[in-house]
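The values are calculated or read from the model by the stated rules, or taken from the named source; none is laboratory data. As the structure is a prediction and not an experimental result, all values here were calculated from the model. We place every Cβ from the backbone using ideal geometry, glycine too, and count neighbours over all the protein chains shown. In case anyone asks, the SASA skips ligands and DNA or RNA and just uses the protein heavy atoms, side chains included. Shrake-Rupley method; radii C 1.70, N 1.55, O 1.52, S 1.80 Å.
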Amino acid sequence: MAHSTNYVPILSLSSISEIYPPLDVNAQSDRCRALIETFRSVYPNRSPKFISRAPGRVNLIGEHIDYAGFGVLPMALSRDILIAVDVSDDDEDRRVRIANVNGEKYKPSSWEFEGKEKIVEIIVEEGVSVWCNYFRCGYKGILQYLGIDNPKGMYCLVDGTVPSGAGLSSSSAFVCSVALATSLANNANLTKKQITEISIESERLCGMNTGGMDQTASIFSQKGHALYIQFLPSLNATPVRLPSIDPPIAFVIANSLVTADKVVTAPIHYNLRVIETKLAAYDLGKTLFGKECENLKQVCDLHSETSEVKVSHLEFLSEFVENHYSEPNKREGHSLDELAELLNLSKSEIHAKFLSKFPVRAERFHLYKRSKHVFDEALRVLRFHEICLASEKSNVGDREVKENDVGGQETFENLGRLMNQSHESCKKLFDCSCDELDKLVRICLDGGAVGSRLTGAGWGGCTVSLIREDQIEPFIQHVIANYYKPLFPHLTKKQLNDAIFATRPGSGAAIIVGLEGAVVQ
Ligand code: NG1
């Protein structure tokens with residue numbers, strides 16, 4: 001698998017029916033046609049040569065552990081970011097023009113190429129989140145990687161259906177789509193792994209100390225499969241079939257409609273969590289092995305003396321963390337002074353090592369809660385993955401043959417339990433939930449979900465719930481009646497359809513070529 005992860009090329013498709021589920025194909029054809037028409041009116045006398053497409057994702061399990069180096073299990077959505085692109089044939093033209101079909105919200109922008117460094121400075125100021133920065137970051141990442149100093153002029157029109165700030169990875173889908181568009185416009189044919197790694201680096205330019213789950217899921221996902229992603233020792237993405245039981249399982253995404261702008265809140269939320277896990281890794285590495293570890297996976301590797309992660313390793317570390325931080329004051333986090341004492345570093349060394357690359361702000365740094373969550377959540381991912389693999393082995397064709405698991409109920413409940421534990425841990429140990437998400441999770445469980453949890457970074461955004469496919473409609477009605485109607489009584493039918501929907505594992509990023517044929521079925 002490591003081999004295939006390394007060398008798979010980006011899909012180049014000439015029919016959108018290869019991308020979307022059969023029921024969606026007509027609507028998506030209409031969408032692509034509208035995109036092409038709008039392109040022609042935004043850029044008179046031009047037509048797009050290709051469309052780059054990268055999907056959002058829903059993370060089924062494994063929250064806030066990608067940047068600690070542990071495996072995660074997301075799947076791609078059908079919702080995506082399309083960029084229709086025409087490339088200038090004037091060799092002197094190096095201008096990039098970008099516009100969005102939602103021009104009210106996302107204003108057009110354009111810039112002249114004046115050297116790679118000038119495309120975008122790393123954006124670390126709190127409160128800065130501008131849509132065209134994501135474009136600039138992906139664009140810069142590709143030019144830097146390819147060493148291009150005379151890039152092609154580009155005309156781009158963006159159409160996104162991934163809700164922003166919802167934990168469904170709209171930003172990564174955008175950056176991946178830009179990276180694809182820029183590489184193709186400049187005649188480069190990169191592999192999935194290259195595009196993924198460039199997109200991860202690019203998104204860091206936007207101010208997020210990001211893990212890598214979203215970009216990998218967007219690029220590597222395969223229709224009908226979730227994706228088991230391992231990051232260390234190197235990126236490895238393996239498609240996984242979800243258990244095929246009867247009635248089939250389904251995932252429903254419900255948006256709390258609390259918008260979480262990760263870039264804006266990064267210093268007190270996302271980037272701070274990354275640093276807290278790194279501080280814990282440093283402390284545990286020193287304490288257990290006398291070595292400086294950069295992430296918690298390295299601590300696990302030193303303990304197990306291999307890069308493979310096993311249940312027993314994680315159980316040991318989870319237990320160790322309980323004892324190591326057992327004093328009440330350590331449970332409540334460490335002030336900077338306490339941290340200096342614990343780590344045997346001066347405050348300025350702590351600043352230089354941990355707090356200077358991406359700014360973070362905190363009164364107390366929670367090493368116990370964050371490291372405990374990471375080890376336990378990594379364990380839940382292993383178990384979830386094992387259930388999927390075991391179910392795949394026990395199925396003959398689509399028939400469930402595991403005798404003591406009638407209708408796959410046991411499998412279903414085991415997956416749901418892991419999702420529920422994940423939410424509890426995100427809420428109590430990782431402090432990345434919020435009242436609305438907790439309320440939504442409760443309503444989803446009351447409405448028949450066997451498991452429900454926040455998905456993505458949290459602090460708002462969406463939940464993902466596991467139910468049986470035949471329960472989708474009554475489940476959705478229950479959530480509408482109990483969450484949306486009381487809290488958001490004025491939502492239109494379309495807004496409700498956007499807020500809560502069932503989803504299947506979608507396909508990963510692609511370039512759509514031969515546009516006339518591709519969208520006219
Ligand atoms: P969202 O906020 O859902 O895009 C973020 C990170 C992921 C991962 C999750 C938490 C980015 C681009 N994405 O996802 O890498 O850490 O939070 O599991 O920063």
The number of residues in region 153-185 that are in a loop (DSSP other than H, G, I, E, B), more than 16 Å from the ligand (Cβ to nearest atom) and either within 12 Å of the chain's Cα centre (by Cα) or surrounded by 22 or more Cβ atoms within 10 Å (Cβ to Cβ) (or both) is 0
Residue count, region 415-432, condition out of contact with any Asp or Glu (no Cβ under 9 Å at 6 or more places or on another chain) and either open to solvent by less than 20 Å² (accessible area, probe 1.4 Å) or more than 15 Å from Val374 (Cβ to Cβ) (or both), comes to 6
Residues in region 29-82 that are within 16 Å of the ligand (Cβ to nearest atom), among the acidic types (Asp, Glu) and out of contact with any Phe, Trp or Tyr (no Cβ under 8 Å at 6 or more places or on another chain) total 1
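Okay, residues lined up against (1) more than 16 Å from the ligand (Cβ to nearest atom); (2) farther than 21 Å from Val72 by Cβ; (3) modelled with pLDDT under 95:
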{"position": "Thr259", "(1), (2), (3)": "no, yes, yes"}
{"position": "Arg273", "(1), (2), (3)": "no, no, no"}
{"position": "Glu276", "(1), (2), (3)": "no, no, no"}
{"position": "Asp283", "(1), (2), (3)": "yes, yes, no"}
{"position": "Asn295", "(1), (2), (3)": "no, no, no"}
{"position": "Val299", "(1), (2), (3)": "yes, no, no"}
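For every residue, the table says whether it meets (1) over 22 Å from Asp261 (Cα atoms); (2) of a type in the set (Asp, Glu); (3) touching a residue at least 24 places away in the same chain (Cβ under 8 Å).
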residue	(1), (2), (3)
Leu440	no, no, yes
Gly456	no, no, yes
Ile472	yes, no, yes
Ile476	yes, no, yes
Lys494	yes, no, no
Ala499	no, no, yes
Gly506	yes, no, yes
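Residues are listed down the side, and each one gets a yes or a no for (1) under 29 Å from the mean Cα position of the chain (by Cα); (2) farther than 30 Å from Ile229 by Cβ; (3) of a type in the set (Asp, Glu):
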position	(1), (2), (3)
Phe320	no, no, no
Asn323	no, yes, no
Glu327	no, yes, yes
Arg331	no, yes, no
Glu338	no, yes, yes
Glu341	no, yes, yes
Glu363	yes, yes, yes
Lys372	yes, no, no
Leu382	yes, no, no
When Pro55 is run through (1) outside any helix (DSSP H, G or I); (2) free of Cβ contacts under 8 Å to residues at least 60 places away in the same chain; (3) not hydroxyl-bearing (Ser, Thr, Tyr), the failure sits at (2)
For region 46-56 the number of residues that are open to solvent by less than 10 Å² (accessible area, probe 1.4 Å) and among the basic types (Lys, Arg) is 1
Requiring at least 3 residues that are at pLDDT below 95, the helices (runs of 4 or more DSSP H) wholly within region 318-420 are 328-331, 367-394
Of the residues in region 293-309 that are out of contact with any helix residue (DSSP H, G or I) (no Cβ under 6 Å at 6 or more places or on another chain) and open to solvent by 50 Å² or more (accessible area, probe 1.4 Å), the one that is farthest from Phe70 (Cα to Cα) is Glu305
Of the residues in region 22-37, those that are of a type in the set (S, T, N, Q) and open to solvent by 50 Å² or more (accessible area, probe 1.4 Å) come to Asn26
In region 418-473, residues that are among the small types (Gly, Ala, Ser) and more than 13 Å from the ligand (Cβ to nearest atom) total 6
Worksheet item: What do you reckon, is Ala250 crowded, with 23+ Cβ neighbours inside 10 Å, of a type in the set (A, V, I, L, M, F, W, C) and not in a loop (DSSP other than H, G, I, E, B)?
Response: no
Considering residues that are at pLDDT 90 or above and out of contact with any Asp or Glu (no Cβ under 7 Å at 6 or more places or on another chain), the number found within region 133-165 is 23
